Every structure is written in C-alpha cells, then in structure tokens.
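A.B. asks: One structure coming up, written as structure tokens, with questions to follow.
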Amino acid sequence: MFDYATCSKRLLEEYLLVRNHGQTGKKKPPSNIQSIVVVLDCLNLRVGSVIKHEVRIIVRDRNDNSPSFQQSRYHVEINELTPVGTTIFTGFSGRNGATDIDDGPNGQIEYVIQYNPNDPESSQTFDIPLTLSGAVVLRRRLNYEEKTRYYVIVQANDRAPNPNNRRTSTATLTVDVLDGDDLGPKFLPCELVNNTRDCRPLTYKASLPELTDPWFKFYWYCAIALFGLYLLLDMMMYGTVILIVALP
C-alpha cells in the first residue's frame, strides 16, 4: 500500500497552474511548457520504504487566444497607373502583422479581406490571394478622377482544426490613390460673350473730319489735290485706280 499524498506540493501547484491555463494566485502560466515531469514519493507503510515514481504530464495547447494586430490601422499610397496584379502592400508579413501566442495551427495566421459596408468597392478592388503571406494585391484598375481613397478591412484568423473554434481580429488598411499622367490636355468649350469676340459683325461709319479753320481747310484741299495728282500719274503708268472723295 502506497501513500501518494507525500508528493511535492510545488509540483502539484505547477500541475494545477498548467491544467487550468489561467491564474493560480497572481502568477501567469509559462507559454513554452510542453510537458511536466512530476516525481512522486511513494511510501510503503508496511516496511517504511520510499519508492520514487516519475509521472510525465503532456500539456496540450488550447485555442484560447485571438490573433492580435500590431496596430489597428495601416496605410499605403499607390499610383493610379499601377498594373492589375501588382502587390501593393506587404505590411502584414513577419511580426508587422498579426500574432497569436497559441501553439501549432492555433497560432498560425491567415488573412482575408472582409466586405466593408461603408466602402463596398474596397473588397472588389483588392485581394489577398496567398492568405498565409498577407500580401495585398491590386485586383481592379484604379481611377484617381473617380476615387482617391479606399478603406480595406483585413481579417486575421488562426487555423484551428475546427473552424467553429477559430478566433479572429480585424484591422483597417487605408489606400490612398495618387494621380497619374493618364489624360492629355483638352480645350474647354467656346462660350460666346457680349464683347468684340462674340462673332457678331462690327459696323463702322467713316467720314471726313469737319473743317472749320479756313487755313487748315486750304491745306487740306492742297493735300487732297497732290494726292489725286499722284494717283493720276500712278493710274497712267501702272493701271486704273478709281478714287472717290467726298469733300465737305
């Protein structure tokens, strides 16, 4: 007959600590314990001998932790001329994305883009084809003149064997679209305005100045006579010129 009550109290507390995977007192369980070896001192009451018996306790992980993003919001800028199929964001790779302290599949992270009711086009424009990498790929052409910003909701979930036990968390990726040189210059439509460029014909009434000073009038007539003589000689030498002058 053996008395198992003599095993170490410290080992029993450590066992209870891992079994509950919670808090025993105010201590937090270690995250890297995979097995616990408990040595039991078995006392033979008849002969008074002590037999040591080793018991190995295998600790199995429980999916009780959700993935956690390093930050709640991420940001990236891309040109509107970026070709479809280009990877535009790799900020979820490594330790920059989400982490899960669970072990095995419970701690493996995969990423998907969720539908955003406040920005329905975001899930149609971007995609994460390789869910384990978290790389965001452009799925549809961008147009700066139509939309300059997208709010992409990215979900991280673990890969627990039972899909019903999988835990998730989300973060927002803001994508700002930069303007590209995709449009040539274009003239604005012609608009008619009420001025000298409104395509309406202009009319002018020409008349000789009124001569009131006698001497000025005399010089004016002399100038006309000399000019007429010049035209007459020009007509006789080169051709026919008709000049009609209305005198006041």
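The values are calculated or read from the model by the stated rules, or taken from the named source; none is laboratory data. Note that this is a predicted model, so its numbers are computed, not measured. All Cβ positions, glycine included, derive from the backbone under ideal geometry; neighbour counts span all protein chains shown.
A.B. asks: When region 69-100 is examined, which residues are found to be assigned to a strand (DSSP E or B) and in contact (Cβ under 8 Å) with a residue 40 or more places away in the chain?
C.D. replies: Matches in region 69-100: PHE69, ARG73, TYR74, HIS75, VAL76, GLU77, ILE78, ASN79, THR87, ILE88, PHE89, ALA98.
A.B. asks: Continuing with the same structure: Six or more apart or on different chains, Cβ under 8 Å: which pairs go from a residue in region 46-62 that's more than 21 Å from ASN106 (Cα to Cα) to one that's surrounded by 10 or more Cβ atoms within 10 Å (Cβ to Cβ) and of a type in the set (Phe, Trp, Tyr)? Could you list them?
C.D. replies: Listed by first residue and then by second, the contacts come to ILE51/PHE2.
A.B. asks: Could I ask something else about it? Only residues that are charged (D, E, K, R) and either in a loop (DSSP other than H, G, I, E, B) or at pLDDT 95 or above (or both): list them for region 108-156, please.
C.D. replies: Once the filter is applied, which keeps residues that are charged (D, E, K, R) and either in a loop (DSSP other than H, G, I, E, B) or at pLDDT 95 or above (or both), region 108-156 yields ASP119, GLU121, ASP127, ARG139, ARG140, ARG141, GLU145, GLU146, LYS147, ARG149.
A.B. asks: For region 40-68, what are the residues that are under 52 Å from the mean Cα position of the chain (by Cα), assigned to a loop (DSSP other than H, G, I, E, B) and at pLDDT below 80? First the steps, then the outcome.
C.D. replies: Pass one, region 40-68, residues under 52 Å from the mean Cα position of the chain (by Cα): 57-68.
Applying the additional criterion that residues be assigned to a loop (DSSP other than H, G, I, E, B) yields 59-67.
Selection gives VAL59, ARG60, ASP61.
A.B. asks: Evaluate region 78-98: report whether one residue or more is surrounded by 15 or more Cβ atoms within 10 Å (Cβ to Cβ), under 15 Å from the mean Cα position of the chain (by Cα) and of a type in the set (Ser, Thr, Tyr).
C.D. replies: Within region 78-98, one or more residues are surrounded by 15 or more Cβ atoms within 10 Å (Cβ to Cβ), under 15 Å from the mean Cα position of the chain (by Cα) and of a type in the set (Ser, Thr, Tyr).
A.B. asks: Condition first: over 16 Å from ILE113 (Cβ atoms) and in a strand (DSSP E or B). Now tell me which residues in region 157-183 satisfy that.
C.D. replies: ASP158, ASP176, VAL177, LEU178
A.B. asks: If PRO120 meets every condition in (1) touching a Phe, Trp or Tyr at 6+ places or on another chain (Cβ under 9 Å); (2) closer than 24 Å to THR168 by Cα; (3) not aromatic (Phe, Trp, Tyr) apart from one, which number is that one?
C.D. replies: (1)
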